[in-house]
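Some notes on the structure that comes next.
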């Protein structure tokens, strides 16, 4: 696991985002065990308290669950999993819209370009 | 918790600490940051009662400093205090002889964590490895608080990384750590709390995650604001 953190967003928020991305991509599967808070802190080179905070928040959001003393696992709840994917897509779209609007490009002009570029970069294996 | 309350210290006529107050909690990593010569090391020495203070008080877990306090805290200076002719093994034995709180099991774990050989002589070690031995000797003590003076300065990047890893590992457990540093590149995400010092006073004390969350500022952003204004 390797994450490039920025310095301005809370680290725990960035950790949660990282997990969401891994879930959406299917790298983390429903029911899969996740590292302990210490292991996570060590892997990501972050403060263990921050790892703890991220897990607590993810537990509250239903992204992970813990049974007794066993390691925490990724949720199997379909609704939550779909929600994660949707959330990430919406975020990406919003960012895109924001940057396009800020240079005042009409939607029609940009949509064809998006399709074209997207296909090209998939052919080149960049995605 | 370590509480430093309104501490004053003069060397001769020169005031070095001019009413310094801050707290450092157990289970958290607190960094004392400041350009050199602002009194960081003096604060550590004051907490260890290595230098008498002129005014103010220092409390450990709510109690004034007394003999027993030093079974709860240890100070790791910025340079190793063992003789160069000693082997790592001898230095560990020395600590074991002197401190009841020496934990051999943790010391062995740290040896393998840092990939050090106990038969190596201190004089023959690289700068980075010397720094690791220095840290090992302090970290292996069973104390509640660890004070580290510039644990990251003057060593190569890979040693820095390895030392940073200690802070995220179980080897720290839930102990409280205070480090002094003048450089926070690549350790920013390890810190719970930051105390910015200048010229013998605390300019700002804050929790790093709270600062990112509420104001969207990195530690360096805050430093820039505080030191450049």
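Only one residue in A:49, A:42 is in contact with a strand residue (DSSP E or B) (Cβ under 9 Å, 6 or more places away or on another chain), within 14 Å of chain B (Cβ to nearest Cβ) and in a helix (DSSP H, G or I). Which one?
The unique qualifying residue is A:49.
Of all residues in segment A:97-127 being assigned to a helix (DSSP H, G or I) and touching a helix residue (DSSP H, G or I) at 6+ places or on another chain (Cβ under 6 Å), which is farthest from residue A:63 (Cα to Cα)?
Top of the filtered list is A:110.
Find the residue count for segment B:6-24, including only residues that are touching a strand residue (DSSP E or B) at 6+ places or on another chain (Cβ under 6 Å) and loosely packed, with under 14 Cβ neighbours inside 10 Å.
1
Hey, among B:80, B:35, which residue is surrounded by fewer than 16 Cβ atoms within 10 Å (Cβ to Cβ) and either in contact (Cβ under 8 Å) with a residue 60 or more places away in the chain or assigned to a loop (DSSP other than H, G, I, E, B) (or both)?
Answer to the selection: B:35.
Based on this model, can you work out whether residue B:96 counts as in contact with a strand residue (DSSP E or B) (Cβ under 6 Å, 6 or more places away or on another chain), surrounded by fewer than 16 Cβ atoms within 10 Å (Cβ to Cβ) and within 29 Å of residue B:2 (Cα to Cα)?
Criteria met by residue B:96.
With the structure loaded, tell me whether residue B:96 is over 18 Å from the mean Cα position of the chain (by Cα), without any contact (Cβ under 8 Å) to a residue 40 or more places away in the chain and not in a loop (DSSP other than H, G, I, E, B) or whether it fails that test.
The answer is yes for residue B:96.
For the structure I just gave you, tell me whether residue B:132 is out of contact with any strand residue (DSSP E or B) (no Cβ under 9 Å at 6 or more places or on another chain) and surrounded by 19 or more Cβ atoms within 10 Å (Cβ to Cβ).
Answer is yes for this residue.
I'm trying to understand the selection: among the residues of segment B:158-181, which are more than 13 Å from chain A (Cβ to nearest Cβ) and either assigned to a helix (DSSP H, G or I) or loosely packed, with under 15 Cβ neighbours inside 10 Å (or both)?
Matches in segment B:158-181: B:158, B:159.
Suppose we filter segment B:204-225 for residues that are surrounded by 18 or more Cβ atoms within 10 Å (Cβ to Cβ), more than 8 Å from chain A (Cβ to nearest Cβ) and touching a residue at least 24 places away in the same chain (Cβ under 8 Å); how many remain?
2
List the residue pairs whose Cβ atoms are under 6 Å apart, where the first residue sits in segment B:120-144 and is over 14 Å from residue B:109 (Cβ atoms), the second is in a helix (DSSP H, G or I) and at pLDDT 95 or above, and the two are 6 or more positions apart or on different chains.
As it stands, the answer is B:120/B:88; B:133/B:88, since those pairs meet every condition given.
Looking at A:94, A:87, A:59, which one is in contact (Cβ under 8 Å) with a residue 12 or more places away in the chain, outside the structural domain of residue A:39 (by TED's automatic domain parsing) and out of contact with any helix residue (DSSP H, G or I) (no Cβ under 6 Å at 6 or more places or on another chain)?
The match here is A:87.
Search segment A:18-29 for residues being touching a helix residue (DSSP H, G or I) at 6+ places or on another chain (Cβ under 9 Å) and farther than 17 Å from residue A:72 by Cα, and hand back the single one that is surrounded by the most Cβ atoms within 10 Å (Cβ to Cβ).
Among those residues, the one meeting the criterion is A:24.
Taking the options A:61, A:14, A:32, name whichever one is surrounded by 12 or more Cβ atoms within 10 Å (Cβ to Cβ), modelled with pLDDT of 90 or more, within 14 Å of chain B (Cβ to nearest Cβ) and within 18 Å of the chain's Cα centre (by Cα).
A:14
Give the residue that is surrounded by the fewest Cβ atoms within 10 Å (Cβ to Cβ), with candidates limited to residues of segment A:1-11 that are assigned to a loop (DSSP other than H, G, I, E, B) and within 9 Å of chain B (Cβ to nearest Cβ).
Applying the filter and picking the extreme gives A:6.
The values are calculated or read from the model by the stated rules, or taken from the named source; none is laboratory data. All of these numbers come straight from a predicted model, not from anything done at the bench. A quick note on method: Cβ atoms are made from the backbone with ideal geometry, for glycine too, and the neighbour counts reach across all protein chains shown.
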